[in-house]
Amino acid sequence: MTTLALKSGQPRAIAFAPEGVRTDLRLLEVDEPLLQEIIQKGVVIKGGEDDEAVLVTSCRTYAMKLVETTNLQLLVGPQHHENEADGGLDKTEDVAAAGAVAPEAPGYGSGLMTQWNHFRSASCQDPIKVNATSTSHIELVEVAPRLEALRGLLWQRPYGVDDERAASAAAEGKETGMGEAGDGTAAAGRTAKGHTFEGLLARVQASPEELRAALAVEGALELGGYWRAVDPNYLGSLLELVLLTAEQEGMTLSALRASRLVASLQPEGYNPALVRHCLRVYGEPVAAESLTEGNGIAGQDVWCLDETKVCIHFAHKVIGGRAMLLSDFNVAWIHAVPYGMTPSVAMLRSEVLIDGSGAEARISSFPASALPRDPGERFAALFSRRARWEWTHLEPFLEGVKVPGQSVEALLMRFARASQPTPDAPLFYSAR
């Protein structure tokens with residue numbers, strides 16, 4: 001790294017480059033870890049014409065804020081030391097001689113002579129050439145990834161029954177048009193099959209790591225190199241078919257063998273990748289050390305269904321997009337879930353709303369996963385649904401809101417107003 005090689009007592013003059021001074025450069029303020037990230041891995045600046053630009057690393061997203069300053073910043077290029085530029089000749093003695101204090105001349109005060117000596121000293125060296133100037137710099141602030149575009153892209157055409165039928169027809173050699181994108185062309189990593197990861201990364205303001213995490217949250221599936229959301233109704237129907245097949249095959253819900261389920265459902269036209277995706281969404285793999293030769297499933301791909309996730313599916317199916325009496329719902333829900341599972345309203349803390357109390361209490365679907373990710377938009381959606389929220393009811397719907405450097409309490413102070421009717425009453429929150 002080159003420096004200006006400034007020394008105490010040896011001033012240097014500055015001069016603007018004779019070929020012109022640039023004013024179109026932008027300075028970027030970064031800390032040392034981010035500087036190393038830029039040098040070693042590189043970064044990307046993303047944003048459309050109507051978007052605020054963000055800088056994206058391999059794992060984080062930063063908002064870019066332009067900070068104006070009243071000071072003019074001078075940008076200089078690499079400097080060559082005098083002994084390098086003059087073939088090894090050293091001007092130190094000339095500089096020292098120029099800097100020597102001469103006898104005071106008549107009519108000149110000591111202060112003026114000091115300035116004159118500084119000027120003579122600086123004139124003995126080449127001036128520092130200013131190549132550019134700036135009156136602002138860009139400041140980076142870590143923010144949550146902006147994933148609104150991702151949800152729109154994935155849900156334009158979720159995988160569903162039509163895709164299953166098209167795949168079956170293609171396997172039989174029929175004309176289906178599957179894989180064509182409208183006019184038969186692909187653009188920006190998109191086809192009728194979905195979007196490539198690279199195509200999504202180019203259009204979504206998120207880092208690769210954040211994008212993969214968001215795809216998992218959205219329940220997206222990669223098929224043949226293309227990412228697709230899966231129609232909830234289709235996935236729910238597949239879950240119920242998996243439960244029925246498991247019962248017919250004599251498998252317990254805590255030890256479902258993926259290979260046997262795939263073998264049973266594939267002849268019915270179900271893609272093996274979708275069957276395994278269903279198991280990932282509603283269950284979790286059983287650790288290999290838990291599988292023994294005694295139970296006959298050692299070394300197999302075994303899954304255990306998550307009771308809460310399965311019960312949530314049947315809760316939404318019972319409600320069916322309408323409000324119903326809580327008492328009627330509880331009776332229907334108990335009969336809907338698989339044998340051996342015990343549903344509880346506590347499972348639905350971020351899935352439903354219960355209005356009223358006692359015998360008149362009514363329940364309706366209100367899944368947190370369907371709410372906007374942006375904090376401001378989420379609070380607006382919450383307060384449009386219910387004007388006042390008790391904290392115990394509001395908390396589950398804020399668990400998915402993450403803003404770097406801001407706690408939930410800070411978000412509440414920014415977007416909500418707290419009130420307490422009486423000293424012993426719980427806190428309620430309303431729109432600010």
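Of everything in region 394-410, what is within 18 Å of F428 (Cβ to Cβ) and either among the hydroxyl-bearing types (S, T, Y) or free of Cβ contacts under 8 Å to residues at least 40 places away in the same chain (or both)? Give them in sequence order.
Matches in region 394-410: L394, E395, L398, V408, E409.
If a residue has to be part of a helix (DSSP H, G or I) and surrounded by 17 or more Cβ atoms within 10 Å (Cβ to Cβ) to count, how many in region 265-275 make the cut?
Residues flagged as part of a helix (DSSP H, G or I) and surrounded by 17 or more Cβ atoms within 10 Å (Cβ to Cβ) within region 265-275 amount to 3.
Of the conditions (1) in contact (Cβ under 8 Å) with a residue 40 or more places away in the chain; (2) of a type outside the set (A, V, I, L, M); (3) assigned to a helix (DSSP H, G or I); (4) over 23 Å from L256 (Cβ atoms), G321 satisfies every one except a single condition; which number is it?
(3)
Among the residues of region 124-152, what is the count of those that are surrounded by 15 or more Cβ atoms within 10 Å (Cβ to Cβ) and in a helix (DSSP H, G or I)?
Residues flagged as surrounded by 15 or more Cβ atoms within 10 Å (Cβ to Cβ) and in a helix (DSSP H, G or I) within region 124-152 amount to 3.
Residue-by-condition table, conditions (1) surrounded by fewer than 18 Cβ atoms within 10 Å (Cβ to Cβ); (2) free of Cβ contacts under 8 Å to residues at least 12 places away in the same chain:
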site	(1), (2)
L241	yes, no
M251	no, yes
S254	yes, no
A263	yes, yes
H277	no, no
Y282	no, no
A288	yes, yes
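Would you check which residues across region 179-238 are part of a loop (DSSP other than H, G, I, E, B), modelled with pLDDT under 90 and charged (D, E, K, R) and list them?
Selection gives E180, D183, K193.
Tell me which strands (runs of 3 or more DSSP E) are completely within region 1-78 and hold 2 or more residues being within 28 Å of the chain's Cα centre (by Cα), or say none if there are none.
27-29, 44-46, 54-56, 61-76
Can L326 be described as open to solvent by less than 30 Å² (accessible area, probe 1.4 Å) and either modelled with pLDDT of 95 or more or among the polar types (S, T, N, Q) (or both)?
When the stated conditions are applied, L326 does not pass them.
What number of residues within region 57-82 are modelled with pLDDT of 85 or more and either under 19 Å from V130 (Cβ atoms) or open to solvent by 60 Å² or more (accessible area, probe 1.4 Å) (or both)?
Number of matching residues: 12.
Restricting attention to region 362-378, does a residue exist that is among the β-branched types (V, I, T) and open to solvent by less than 50 Å² (accessible area, probe 1.4 Å)?
Yes, the conditions are met somewhere in region 362-378.
In region 331-347, how many residues are on the phi > 0 side of the Ramachandran plot and of a type in the set (A, V, I, L, M, F, W, C)?
If we filter region 331-347 for residues that are on the phi > 0 side of the Ramachandran plot, which is where we start, we get 340.
If we keep only those that are of a type in the set (A, V, I, L, M, F, W, C) as well, we get none.
Result for region 331-347: 0.
Give the residues of region 338-361 that are hydrophobic (A, V, I, L, M, F, W, C) and open to solvent by 30 Å² or more (accessible area, probe 1.4 Å), sorted by residue number.
Those that are hydrophobic (A, V, I, L, M, F, W, C) and open to solvent by 30 Å² or more (accessible area, probe 1.4 Å): V345, A346, M347, I354, A359.
The values are calculated or read from the model by the stated rules, or taken from the named source; none is laboratory data. All figures in this text were calculated on a predicted structure; none of them were measured in a lab. Reconstructed Cβ throughout: ideal geometry from the backbone, glycine too, with neighbour counts over all protein chains shown. With ligands, DNA and RNA removed, areas are computed over all heavy atoms of the protein, side chains included. Shrake-Rupley method; radii C 1.70, N 1.55, O 1.52, S 1.80 Å.
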